[in-house]
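Here the structure comes first, spelled out in structure tokens, and everything after it is commentary.
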Amino acid sequence: MTTTLNAAPARRDPASRRVTAEILTRLNGPGGYYNVGNLIGLCSGLALQFAVTAASGRSGADIVVAYFVGSPATLALTIATLIFLVSGEMYHRAWRGGGPPDARLNRLADLLSAAGAVALAISLLLLGQPLLALFTGLLTVFGKLGSAVLDPASVPLWPAGWPDPFRTTVLVGRFPAVAAAVLGLWRGLETGNWIGPAVLVLCNLLWMRADYLLFAGSGTSSGSNRPPRRRLPRMARLR
């Protein structure tokens, strides 16, 4: 008795194809990378909270409430995350046309990101991390707010051939957070508590990728008639 296997590839469900296409489309611009990092950080943090408190006898609802609003620091972080999720969606809508970004939506996303960075800085201060609040939080606020309301060409003493100063400020502000996450990962490998820092490293890399992609819109989102500043090297525009 012989069995004949059907070699024809299985047809994919149309709904699955649409979901896959939507995900890939979102990764063509900065908004998708911002929100992938936001969602990974949010979900992994909640999962770790459940793992840590599993033996405490607390109910699932209590754990969720404590994670999101259990203290002023967690409440500020929750507010920051929600704002960043909305701003990530605004970036996606601004860039989904494939050409120059929609100036209004791009500025709105920058303003929302600045507000989220304020909430993030407050959370970091309440968590006893003033250096991260100063460098990562305030630099992000300055960079995003500058991108939203100022013309990059108007910055005094900034050479015209250099990349956008405000986008650069946001990117520079990521490095202290990455350094702190890498240091935490190094220590966590010795103690076994490495998952949280590893997730932070991954999230920051995704956000930095989004920061790079935003350089491609420098000089166009402000509505200025001046020539746009030089874009970053090719790696900044890879898809």
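Structure notes:
- Test: residue in segment 147-168 that is touching a Lys or Arg at 6+ places or on another chain (Cβ under 6 Å) and among the charged types (D, E, K, R): yes
- Contact map, segment 83-111: first residue surrounded by 17 or more Cβ atoms within 10 Å (Cβ to Cβ), second residue acidic (Asp, Glu) and in a helix (DSSP H, G or I), Cβ cut-off under 8 Å, separation 6 or more or different chains; pairs are Ser87/Asp110.
- Answer from Val172, Val141 - the residue that is in contact with a helix residue (DSSP H, G or I) (Cβ under 9 Å, 6 or more places away or on another chain), at pLDDT 95 or above and over 21 Å from Ala94 (Cα atoms): Val172
- Where a residue in segment 116-134 is in contact (Cβ under 8 Å) with a residue 60 or more places away in the chain and farther than 24 Å from Met90 by Cβ and its partner, wherever it lies, is among the small types (Gly, Ala, Ser) and surrounded by 19 or more Cβ atoms within 10 Å (Cβ to Cβ), with Cβ under 8 Å and at least six apart: none
- In segment 164-219, the qualifying residues are those that are of a type in the set (S, T, N, Q) and surrounded by fewer than 16 Cβ atoms within 10 Å (Cβ to Cβ), and the one that is farthest from Asn35 (Cα to Cα) is Thr191.
- Taken as a whole, segment 53-70 holds no residue that is in a helix (DSSP H, G or I), among the β-branched types (Val, Ile, Thr) and touching a residue at least 40 places away in the same chain (Cβ under 8 Å).
- Subset of segment 140-194 (residues that are part of a loop (DSSP other than H, G, I, E, B), more than 20 Å from Gln129 (Cβ to Cβ) and among the aromatic types (Phe, Trp, Tyr)): Trp158, Trp162
- Test result for Leu111, more than 12 Å from the chain's Cα centre (by Cα) and more than 24 Å from Phe215 (Cβ to Cβ): no
- Some residue of segment 156-167 being closer than 22 Å to Leu111 by Cβ and aliphatic (A, V, I, L, M): no
- Residue ID - modelled with the highest pLDDT, chosen from residues in segment 15-51 that are more than 28 Å from Ala94 (Cβ to Cβ) and not small (Gly, Ala, Ser): Leu46
- Options Ala177, Ala181: the member that is under 24 Å from Cys43 (Cβ atoms) and free of Cβ contacts under 8 Å to residues at least 40 places away in the same chain: Ala181
- Looking across Asp110, Asp62, one residue alone is at pLDDT 95 or above and of a type outside the set (Ser, Thr, Tyr). It is Asp110.
The values are calculated or read from the model by the stated rules, or taken from the named source; none is laboratory data. The structure presented is a predicted model; accordingly, all values stated were derived computationally and were not measured. Glycine also receives a Cβ, built like all others from the backbone with ideal geometry; neighbour counts cover every protein chain displayed.
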